[in-house]
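Data block below; observations after.
The values are calculated or read from the model by the stated rules, or taken from the named source; none is laboratory data. Treat the numbers as computed from the prediction; the structure is a model and nothing was measured. Backbone-built Cβ (ideal geometry, glycine too); neighbour counts: all protein chains shown. Note: areas computed on protein heavy atoms with side chains; ligands, DNA, RNA excluded. Shrake-Rupley method; radii C 1.70, N 1.55, O 1.52, S 1.80 Å.
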Amino acid sequence: MAEVPEVETIVRDLRQAVVGRTLRETEVLLPAAVRFPTVDEFTTLLTERVILESHRRAKYILLPLSGDLLLAIHFALWGTVALLPTEQPRLPETLVIWHLDQDQDLRLIDKLGYARAAVGSPDVLAERLDLNSLGPEALDPNFDVEVLARQLGRRRGVLKSVLLNQRVLAGLGNRDTDESLWLAGIDPRRLAASLTPDELTRLHAAIRKVLSEGISLRGTQRDLFGVKGQAIHRRNIFEKSGEPCPRCGTRIVYTRIGGRNTFYCPNCQH
């Protein structure tokens, strides 16, 4: 599942392997994979462009290009990008191919077909992808307990749903939210504004730990070079309904919160 650790791993790989290189031309194999502009405009704009940098905002990969353009890629649930020799046969689930110099491709791959890409000026992308309304990044050095308290304290919703709201906190996904709440010992059904200072401190530490460990293990998916990450998708409680809680032995419970699959321990998460 493509959450922050998986996306950040690819962003760092792109920084290492393709920054400074040239996008020669683009092939769109699934037109729906281009969010905007039109497919013809997309391929025309992405001809002979130099990749200047690689960044992440929430779960977007942002690649500034020569000519004051910005390429945005979003993996949705299971997407990824792979750096491959141009001569290598294409997988059926390949959505977009960016032909690079040195006879290599960047290929956007998604077995579900939900991954998307867009290109335009930085201002256009910020407006159309609503990037400026995103909340603080959980891995930003300035994201401290006070920031978390302020973001949650102004919301009246259920904690799990609020944490998944990208305008509150950018980048947290379903899996890492469940794991963070379990690590902090906090019930996902609580109201976001009900957390005590001690609980906020525990939650902040848990979020940072879950994300940092996931990145250090290079996520759960394959990286840009095809190497499988060492992080575990079903780490402690996620998708482990009915199994014993690693902390207290109580059976993990499954429920739905805000339409999202949720897993928690009814005994040690309060």
Restricting attention to region 199-208, does a residue exist that is more than 19 Å from residue 264 (Cβ to Cβ), in contact with a strand residue (DSSP E or B) (Cβ under 6 Å, 6 or more places away or on another chain) and basic (Lys, Arg)?
no
Taking region 252-270 only, how many residues are touching a Pro at 6+ places or on another chain (Cβ under 9 Å) and exposed (fewer than 15 other Cβ atoms within 10 Å of the Cβ)?
1
Given (1) in contact with a Leu (Cβ under 7 Å, 6 or more places away or on another chain); (2) under 26 Å from residue 268 (Cβ atoms), number of the condition residue 178 does not satisfy:
(1)
Collect the residues in region 252-261 that are touching a helix residue (DSSP H, G or I) at 6+ places or on another chain (Cβ under 6 Å) and not in a loop (DSSP other than H, G, I, E, B), keeping them in residue-number order.
257, 260
Counting only residues that are among the β-branched types (Val, Ile, Thr) and in a helix (DSSP H, G or I), which one in region 171-227 is most open to solvent (accessible area, probe 1.4 Å)?
201
Would you confirm whether or not region 240-251 contains a residue that is buried (at least 16 other Cβ atoms within 10 Å of the Cβ), farther than 30 Å from residue 126 by Cβ and touching a helix residue (DSSP H, G or I) at 6+ places or on another chain (Cβ under 9 Å)?
yes
Inside region 30-48, the number of residues satisfying the requirement of being open to solvent by 70 Å² or more (accessible area, probe 1.4 Å) and either part of a helix (DSSP H, G or I) or touching a residue at least 12 places away in the same chain (Cβ under 8 Å) (or both) is 6
If you go through region 125-142 one residue at a time, how many are out of contact with any strand residue (DSSP E or B) (no Cβ under 6 Å at 6 or more places or on another chain) and without any contact (Cβ under 8 Å) to a residue 40 or more places away in the chain?
9
Anything in region 148-172 that is under 23 Å from residue 78 (Cβ atoms) and more than 15 Å from the chain's Cα centre (by Cα)? List them, or say none.
160, 161
Quick check on my filter: what residues within region 49-61 are farther than 16 Å from residue 104 by Cβ, touching a Ser or Thr at 6+ places or on another chain (Cβ under 8 Å) and crowded, with 20+ Cβ neighbours inside 10 Å?
61
Kindly provide the set of residues from region 56-67 that are assigned to a loop (DSSP other than H, G, I, E, B) and on the phi < 0 side of the Ramachandran plot, ordered by number.
59, 66
Which numbered condition trips up residue 199, out of (1) at negative phi; (2) in contact (Cβ under 8 Å) with a residue 24 or more places away in the chain?
(2)
Scan region 173-187 and give yes if some residue there is within 15 Å of the chain's Cα centre (by Cα) and of a type in the set (S, T, N, Q), otherwise no.
yes
What pairs come out if I take residues in region 3-29 that are without any contact (Cβ under 8 Å) to a residue 24 or more places away in the chain and within 19 Å of residue 48 (Cα to Cα) and pair them with residues that are of a type outside the set (A, V, I, L, M) and open to solvent by less than 50 Å² (accessible area, probe 1.4 Å) whose C-beta lies under 8 Å away, six or more apart or interchain?
none
Residue pairs meeting the criteria (Cβ under 8 Å; at least 6 apart or on separate chains; first in contact (Cβ under 8 Å) with a residue 24 or more places away in the chain and part of a loop (DSSP other than H, G, I, E, B), in region 228-251; second of a type in the set (Ser, Thr, Tyr) and surrounded by 15 or more Cβ atoms within 10 Å (Cβ to Cβ)):
229/9; 229/220; 231/220; 233/220; 237/264
Name the residue that is least open to solvent (accessible area, probe 1.4 Å), counting only residues in region 10-29 that are assigned to a strand (DSSP E or B) and under 16 Å from residue 113 (Cα atoms).
28
The strands (runs of 3 or more DSSP E) lying wholly within region 68-128 that contain at least 2 residues that are open to solvent by 30 Å² or more (accessible area, probe 1.4 Å) are 80-85
